[in-house]
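Asks: The structure's right below; bear with me while I get my questions together.
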Amino acid sequence: MADTLRIAIVGAGMGGLAAALALAKSGHKNITIYENATNLGFVGAGIQLAPNMARILDKLGCWQQIAAEAVQCANTSIREGSSDKELGYVDLEYVKEKYGYPHMVGHRASLAGGLYDGCKGESAVKFALGNTISDIRFGPKPTFKATPADGGETYDVECDILLGADGVKSSTRVAMLQELGLTGSAKDSGQAAYRIMLTREQIKDDAELLKLLDSDSVTRWIGEKKHIIAYPIHNKTIYNISTAQPDINFAGAPDAQYTTRGSKSAMKQTYDDFCPMIHRMLDLVPEGDVVEWKLRVHDPLDTWVHGSTALVGDACHPTLPHMAQGAAQAIEDGAVLGVVLSPSRISGSSPETINHALRIYEKLRKPRAEALVELAAESGRAMHLGAGKAKEERDKAFAAARSGLGKVPDKWADADVQAQVYGTDVVAEALKLCEEEGLVAKLNA
Ligand SMILES: Cc1cc2nc3c(=O)[nH]c(=O)nc-3n(C[C@H](O)[C@H](O)[C@H](O)COP(=O)(O)OP(=O)(O)OC[C@H]3O[C@@H](n4cnc5c(N)ncnc54)[C@H](O)[C@@H]3O)c2cc1C
């Protein structure tokens, strides 16, 4: 019976949780998520909840809970960091009518918590928290070792389907590349990010900042090699700020270091040439609360699939945050896996059928996710221009777009790009592709 196949998922991030929930909803009964963290204390930061993500979460039954504390964005304002002058303005009110869901922004903990609660509501999904996976072997029945954090003995696991949703540092990807004789590893993008959350209480004495917290805007302040993006979350009780700047504070750090406890003065120094309001904003961050993330990427992989194993999310397409699509794409991966691996489609349960299904997943997902990786990098380059001809042209393009002529240089805000990103229903596309590829659902499978 296909619904009793043993599905092992490495990683309880957005990709792993979405895949588990989608597979449970499709009828699978034996799904285990292995996660090295002992509890899922989700990172405290904001996240954009794009309509393509919302469409899937709604189908999975967890959107209402997540949307309840999120904030709907009515517009976005792109401003010069040094002067606070508005370069571009894009109305986002049309998004809901056109794509069925508004563009929302929320708390990462709500998004992850909504997916986690969804999984906990499915008896098919079991959690092996505090278990680090290693020694992955591929083939028709993948195997790996799991080491409990509590000092328990390392044990062997065999499964029928293995999904490596273990993030940008993915051990599954490293093992897969090695076994296939391929090269490649995660590499520095040269950029790093501060993530900051200011509460209403913290900004209560600053009228300008309060106005931003009370707005329905996503605001981006741009400058040479850096920018700040900010928006209100948690029913407008928190102003969420995320930055991107050169990763100079990681100089000399080992390659594997992804975060560092940053210094407030280094952060302020980085944005020293931005306007006084930004100085006041950064000044409110409590000393000792500054954490900086190194933003790492990976060249496109030759394949995401080997035998009965597939990679998911940042493990196979780590994306710079400039399109706000990394988690959305990981969730799309999970939703598509729910379609192609549905028990009715892989009813014979043979490793060949499973591999066929995973190849369909890869065929649909790889071009889209990788196009977004490139778009995010391109948008970053356009936002981070320094003085010169290219910047002048960019700012003219912003001005023209305001008058309804041409495209907004910030790809995230461009209506044609949004049509591609928000307008694509990957679940509908997966159903269509399965039919075209002969992976047909069988009744009473
Ligand atoms: C600054 C910033 C802002 C962003 N903003 C947005 C945004 O607005 N919108 C958006 O959609 N995306 C955004 N993203 C991207 C998004 O956060 C990621 O793409 C997404 O979280 C990736 O999810 P994932 O499940 O693939 O990986 P992860 O969330 O990294 O999860 C991987 C999990 O695997 C576990 N794991 C790893 N190795 C092992 C192992 N060997 N054994 C067991 N467990 C293991 C880890 O503990 C982790 O829990 C942003 C990213 C950054 C850095």
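Asks: Taking the range 105-118, which residues are open to solvent by less than 20 Å² (accessible area, probe 1.4 Å) and assigned to a strand (DSSP E or B)?
Replies: Result: 105, 106.
Asks: Let me ask something else about it. If you check 142, 148, which single one turns out to be crowded, with 19+ Cβ neighbours inside 10 Å and more than 10 Å from the ligand (Cβ to nearest atom)?
Replies: 142
Asks: Tell me, which residue of the range 387-418 that is open to solvent by 40 Å² or more (accessible area, probe 1.4 Å) and among the small types (Gly, Ala, Ser) is farthest from residue 50 (Cα to Cα)?
Replies: My answer is 387.
Asks: Right, another one. Would you mind telling me which numbered condition in (1) at pLDDT 95 or above; (2) more than 10 Å from the ligand (Cβ to nearest atom); (3) open to solvent by 10 Å² or more (accessible area, probe 1.4 Å) residue 319 fails?
Replies: So the condition that residue 319 fails would be (2).
Asks: Is it true that residue 385 is more than 17 Å from residue 425 (Cα to Cα) and in contact (Cβ under 8 Å) with a residue 60 or more places away in the chain?
Replies: yes
Asks: Something else: Would you confirm whether or not the range 348-365 contains a residue that is within 16 Å of the ligand (Cβ to nearest atom), open to solvent by 10 Å² or more (accessible area, probe 1.4 Å), more than 18 Å from the chain's Cα centre (by Cα) and acidic (Asp, Glu)?
Replies: No.
Asks: If a residue has to be more than 27 Å from the chain's Cα centre (by Cα) and buried (at least 16 other Cβ atoms within 10 Å of the Cβ) to count, how many in the range 419-440 make the cut?
Replies: Residues meeting the conditions: 1.
Asks: For the range 290-332, enumerate the residues that are at positive phi and over 8 Å from the mean Cα position of the chain (by Cα).
Replies: Scanning the range 290-332 gives a single hit, 307.
Asks: Looking at (1) hydroxyl-bearing (Ser, Thr, Tyr); (2) out of contact with any helix residue (DSSP H, G or I) (no Cβ under 6 Å at 6 or more places or on another chain); (3) touching a residue at least 40 places away in the same chain (Cβ under 8 Å), which is the one condition that is false for residue 147?
Replies: Every condition holds for residue 147 apart from (3).
Asks: Just name the residue that is farthest from residue 221 (Cα to Cα) out of those in the range 267-284 that are open to solvent by less than 30 Å² (accessible area, probe 1.4 Å) and over 27 Å from the mean Cα position of the chain (by Cα).
Replies: My answer is 277.
Asks: Among the residues of the range 326-343, are any among the β-branched types (Val, Ile, Thr), open to solvent by 20 Å² or more (accessible area, probe 1.4 Å) and away from the ligand (no atom under 16 Å from the Cβ)?
Replies: no
Asks: Pick from 183, 172, 199: which is over 17 Å from residue 35 (Cβ atoms) and in contact with a helix residue (DSSP H, G or I) (Cβ under 8 Å, 6 or more places away or on another chain)?
Replies: The unique qualifying residue is 183.
Asks: Consider residue 287 against the criteria (1) open to solvent by 10 Å² or more (accessible area, probe 1.4 Å); (2) assigned to a loop (DSSP other than H, G, I, E, B); (3) modelled with pLDDT of 95 or more; (4) not aromatic (Phe, Trp, Tyr): it satisfies all of them except one. Which criterion is unmet?
Replies: (3)
Asks: Here is a follow-up. Is there a residue being open to solvent by 60 Å² or more (accessible area, probe 1.4 Å), touching a residue at least 40 places away in the same chain (Cβ under 8 Å) and touching a His at 6+ places or on another chain (Cβ under 6 Å) anywhere in the range 239-257?
Replies: The answer is no; no qualifying residue exists.
Asks: Counting only residues that are open to solvent by less than 20 Å² (accessible area, probe 1.4 Å) and not hydrophobic (A, V, I, L, M, F, W, C), which one in the range 119-138 is farthest from the ligand (Cβ to nearest atom)?
Replies: Restricting to residues being open to solvent by less than 20 Å² (accessible area, probe 1.4 Å) and not hydrophobic (A, V, I, L, M, F, W, C), the top hit is 130.
The values are calculated or read from the model by the stated rules, or taken from the named source; none is laboratory data. What you are looking at is a predicted structure, and each value in this text was computed from that prediction instead of being measured. Reconstructed Cβ throughout: ideal geometry from the backbone, glycine too, with neighbour counts over all protein chains shown. Keep in mind that these areas ignore ligands, DNA and RNA; they rest on the heavy atoms of the full protein, side chains included. Shrake-Rupley method; radii C 1.70, N 1.55, O 1.52, S 1.80 Å.
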